[in-house]
Structures are given as C-alpha cells and as structure tokens.
1. Assuming Gly98 fulfils every condition listed in (1) of a type outside the set (Lys, Arg); (2) in contact (Cβ under 8 Å) with a residue 40 or more places away in the chain; (3) touching a strand residue (DSSP E or B) at 6+ places or on another chain (Cβ under 7 Å) apart from one, which condition is it?
Amino acid sequence: MASYAHVNREISHDNIFLAGLGTLRVLTASLPPALANGVIRLTVIKYGVVQDIRNETWSQLYRYQVSIRIRVVTMHLTKHVPSHVYIAGHMALFSYIGQPATCYDCNATDHLLQNRHRQRPKPMIHSSPTGPYSHI
C-alpha cells in the first residue's frame, strides 16, 4: 500500500504489486560453444523476457580472452528457471541469485534428489519355518 499527498491535500492510497521477479543475470553452463544463442533464447523465453546473451570469458586473468563455456543470460524473470533444462539435446545448468533449489531428477521444489530416492527401511517379514531344514 502506498500513499500519495496531492497538492490540494487529498491523500490517495494505492496498492502496488511487484510484477515478475526482476531483471537478473542467469548463468548457464554445460552447453557446447557451437550452440547458437538463439536456441537458448527460444528455450528460456517461457521464463521471462530475454534482454541479452553473452559468453563469459576470463579476460582479466589472461592475455587473451579465454572462453569458459558459461553464458550469461540477462533477462527479466516472470517465473523461476529450473536448475537444469535440456536444450537441443544437451543438459544446461542454470544458476542465479534467489533461485529456489530444485530436484535434479524432476525439477520440483518440494524435495531434492537425495531425499527423494532415500529408501525406507524394509519391514521384516515373519514367517513360520517350513521345509526340510525347519528343525535347524
């Protein structure tokens, strides 16, 4: 709720809602360098408005720019991007500030893979001994 005092001393009260998650730098890794940025753009467009895609380089540490196979997607998010998404047959890993943890297997946010596949103890089955060695 926001209030605004007009010149005539009238006060207006308005509800203000944040639309979307904001503009963020989304890092993506594990994609081949030959994969075009347009393919990435078409894949992540369902999570928001893509403003720019650039290759990340280590130009400050080396004399020449060295590609590190990380692309930075600057986009205005409208919903969260899963931690991994398949793009053109390659599993891309996505990371950004505020990203909720997701299951590596199904991208759900209510559990993680290590908790999902943890086996419960098997109940012990009690049976009466039968057969030729039941007296042992």
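1. (3)
Matching residues to (1) within 14 Å of Val73 (Cβ to Cβ); (2) modelled with pLDDT under 80; (3) out of contact with any strand residue (DSSP E or B) (no Cβ under 9 Å at 6 or more places or on another chain):
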| residue | (1), (2), (3) |
| --- | --- |
| Met1 | no, yes, no |
| His6 | no, yes, no |
| Arg9 | no, no, yes |
| Asn15 | no, yes, no |
| Leu24 | yes, no, no |
| Ala29 | yes, no, no |
| Leu35 | yes, no, no |
| Val39 | yes, no, no |
| Lys46 | yes, no, yes |
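The values are calculated or read from the model by the stated rules, or taken from the named source; none is laboratory data. Everything quoted here is computed from the prediction, not taken from an experiment. Cβ: placed from backbone, ideal geometry, glycine included. Neighbour counts: every protein chain shown.
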